[in-house]
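Step one of this worksheet: look at the structure below.
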Amino acid sequence: MKTIKDKVAKLSFVALLMALTSAMFYTPTASAHGEKSQAAFMRMRTIHWFDLDWSKDEVAVNDTMTISGKFHVFAGWPETVDKPEVSFLNIGIPGPVFIRAGSWIGGQLVPRSVSLELGDTYEFKVLLKARRPGDWHVHTMMNVEGGGPIIGPGKWVTITGSMSEFVNPLTTLTGQTIDLEDYALDNVYFWHALWYSIGLAWLIFWIKRPMFIPRHIAVTSGKADTLISATDKKVAIGFAVGTLALLMYGMGSTNEKYPITTPLQAGLMRGIKPIEMPETSVAVKVEDATYRVPGRAMQMTLTITNNGDSAIRLGEFNTASVRFLDADVLEDESGYPDDLLAEEGLTVSDNSPIAPGESRTVEVTASDAAWEVYRLADLIYDPDSRFAGLLFFFDEDGNRQMVMVDAPLIPSFI
Amino acid sequence: MSASQSAVRSRAEAVQVSRTLDWMILFTLFTAVLGGYHIHYMLTGGDWDFWSDWKDRRLWVTVAPIVSITFPAAVQAMLWYRYRLPFGAIVCILALMLGEWINRYLNFWGWTYFPVNFCFPSNLIPGAILLDVVLMLSSSFVLTAVIGGMAWGLVFYPGNWPIIAPLHVPVEYNGMMFTLADLQGYHYVRTGTPEYIRMVEKGTLRTFGKDVAPVSAFFSAFVSIIIYFLWHYFGRWFNKTDFISGEGI
């Protein structure tokens, strides 16, 4: 009996070790960017991304693609997040799998931080050059000082080829053509290796002789002065003089080799031009809004007034990058990410055209699993229980009008 | 074997044991400092040391020496006070830089593919040699703090200029002027390091024209002296021997 018990114990131990070892070899790719973890109100009430276009789904190393579109800076920016007075148009990718070859807001190159105005809508474009093969989730992103990264929608893009083929050629203002990927790398290695060797030589000079116990005995017995010899002092002076000489040589030779250098460039860019949005002829009043927790649906009672000269219909509600569409009015043809698109997620109690001059109160329901999957339902746990989003109306000619809505949200648990 | 008997039986054996202990202590010191100092420097110097587009002529020159003179001062106090060994600073810096290079090569490049010419560490070795030599020749912690600490701050920029100068060559890109280091920061995307947290060229040091690096270095050197004193006493405190009275036991 004891033998069987021992065997079972031994086998169990081996099995445990095997399980632990195999677990170590299981290293799945971490490809998310925490977009679902970001507080729902941050995604709903700060930057609204729309009309996005990822120019390619697959791109070879060294080839380029763009992400372009628009973003609206929400006028009812939450109090708990610093205003976007210092912001940076970033891109949400897992490290430099692409290089950012260019980024523009309103046609202006924005390599630095910019100041954005609440209530304005901006056009943007990011040019990416593929660098590292793989399948990558590529997000739009705006970093806001005091607010953190505000991540937009992401789409999977595949990079093919080999990273060893990647090049990043540039011509400097001194006329030199370089590859930034490995430019001056030998120089970095050379100087670090040289100085490390000198430091190591100084250490070896001391550690080749007995160190701790004999020297401690000498120090405690009052013979500390005998531990440093005249030769030691000469060698030390040699190291000091050599160090200073090498520093001077390094400075001199470097200045000779690179006579033209400039300081790092920095500064905030103001005056970024927003899009001149046409005056909207649709007025929307949110009478009430509830989020029905069991049904994963948000219901709004809207009073819509058409002040234009063409009948309109509601086609889309866009919040936190999730697009709820009324399929009878609008069909997405932009290749928007599936998980963020509720193609039939918008239901309007009466979505017949609202005639010019007509005012109508309708029940609008935005329902989709995305509320849960993207943790937007967590909005009900936010300190300021409000929602916000963009409503898109379409007239008979297909012209679009954008209206911002912002109102308190009451959760319903039954 | 009674407690009064020696653990070794000959002088040769004693020497061998002593040397073995030497290597064990040195290895332990090296790795412990590598870990502790590396964490300290990454937390306090951090991005200034990580990225070429943070290595400016004002704040990097000021911050890096001040936050890095800490462990060398403390370890010097211990090694000199107890053993008259003048390699406290260099052993710290060699450990730190080994750790940094492992981190930059395996993590920054190996895992996340940032080019090494963008994320190389700062060179601190010239200052460490001078700090050790000053201590050895003067046998005075005060002089080491004043002269060595001053040298530590002053030689930092010259010790790094040959490495960073090629990255300060200007380039025109899409109608704007950058240094190559700026362009590295723009090209090689860091989602968690937006441009606005880059603390470069900030401050009010505007009356020295383009020659702000020496002024920053002097300021850094003065503060390094103060930090040296502070951390020297941390070192003394950490390696003191306390005896307790037998009466209370």
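Quick look at the values:
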{"read-out": "Test: residue in the stretch B:37-45 that is more than 30 Å from B:Ala165 (Cβ to Cβ), in a loop (DSSP other than H, G, I, E, B) and more than 10 Å from every other protein chain (Cβ to nearest Cβ)", "value": "no"}
{"read-out": "Which listed residue, of B:Ala64, B:Ala14, B:Ala7, B:Ala74, is without any contact (Cβ under 8 Å) to a residue 60 or more places away in the chain, of a type outside the set (D, E, K, R) and part of a helix (DSSP H, G or I)", "value": "B:Ala14"}
{"read-out": "Filtered residues of the stretch A:222-266 (kept if acidic (Asp, Glu), modelled with pLDDT of 95 or more and loosely packed, with under 11 Cβ neighbours inside 10 Å)", "value": "A:Glu256"}
{"read-out": "One residue from A:Val235, A:Val286, A:Val219, A:Val241 being part of a helix (DSSP H, G or I) and either in the same structural domain as A:Ser113 (by TED's automatic domain parsing) or in contact (Cβ under 8 Å) with a residue 24 or more places away in the chain (or both)", "value": "A:Val235"}
{"read-out": "Residues of the stretch A:303-335 that turn out to be surrounded by fewer than 21 Cβ atoms within 10 Å (Cβ to Cβ) and more than 20 Å from A:Gln401 (Cβ to Cβ), as a count", "value": "1"}
{"read-out": "Matching option when the condition is facing chain B (nearest Cβ under 9 Å) and farther than 30 Å from A:Glu117 by Cβ, among A:Ala245, A:Ala236, A:Ala230, A:Ala266", "value": "A:Ala236"}
{"read-out": "Selected residue (criterion: surrounded by the most Cβ atoms within 10 Å (Cβ to Cβ)) from residues of the stretch B:149-198 that are over 30 Å from B:Cys92 (Cβ atoms) and of a type in the set (D, E, K, R)", "value": "B:Asp182"}
{"read-out": "In the stretch B:87-132, residue nearest to B:Ala73 (Cα to Cα) [restricted to those that are surrounded by fewer than 17 Cβ atoms within 10 Å (Cβ to Cβ), aromatic (Phe, Trp, Tyr) and at the interface with chain A (Cβ under 10 Å from one of its Cβ atoms)]", "value": "B:Trp101"}
{"read-out": "Qualifying positions in the stretch A:161-199 - out of contact with any Asp or Glu (no Cβ under 6 Å at 6 or more places or on another chain), part of a strand (DSSP E or B) and not β-branched (Val, Ile, Thr)", "value": "A:Leu170, A:Asp179"}
{"read-out": "Matching residues in the stretch B:133-152 - criterion: being within 10 Å of chain A (Cβ to nearest Cβ) and outside any helix (DSSP H, G or I)", "value": "B:Ser139"}
{"read-out": "Unique match (being within 7 Å of another protein chain (Cβ to nearest Cβ) and at pLDDT 85 or above) among B:Glu201, B:Glu195", "value": "B:Glu195"}
{"read-out": "Positions within the stretch B:46-59 being under 13 Å from the mean Cα position of the chain (by Cα) and crowded, with 23+ Cβ neighbours inside 10 Å, in sequence order", "value": "B:Asp49"}
{"read-out": "Candidates A:Leu180, A:Leu194, filtered to the one that is surrounded by fewer than 16 Cβ atoms within 10 Å (Cβ to Cβ), in contact with a helix residue (DSSP H, G or I) (Cβ under 9 Å, 6 or more places away or on another chain), modelled with pLDDT of 95 or more and closer than 29 Å to B:Gly99 by Cβ", "value": "A:Leu194"}
{"read-out": "Elements of type strands (runs of 3 or more DSSP E) in the stretch A:50-160, at least 2 residues being more than 14 Å from chain B (Cβ to nearest Cβ) and either at pLDDT 95 or above or surrounded by fewer than 17 Cβ atoms within 10 Å (Cβ to Cβ) (or both)", "value": "A:58-60, A:64-73, A:121-130, A:148-160"}
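The values are calculated or read from the model by the stated rules, or taken from the named source; none is laboratory data. The structure displayed is predicted, hence computed values, not measured ones. Here Cβ is always computed from backbone atoms with ideal geometry, including for glycine, and neighbour counts include all displayed protein chains.
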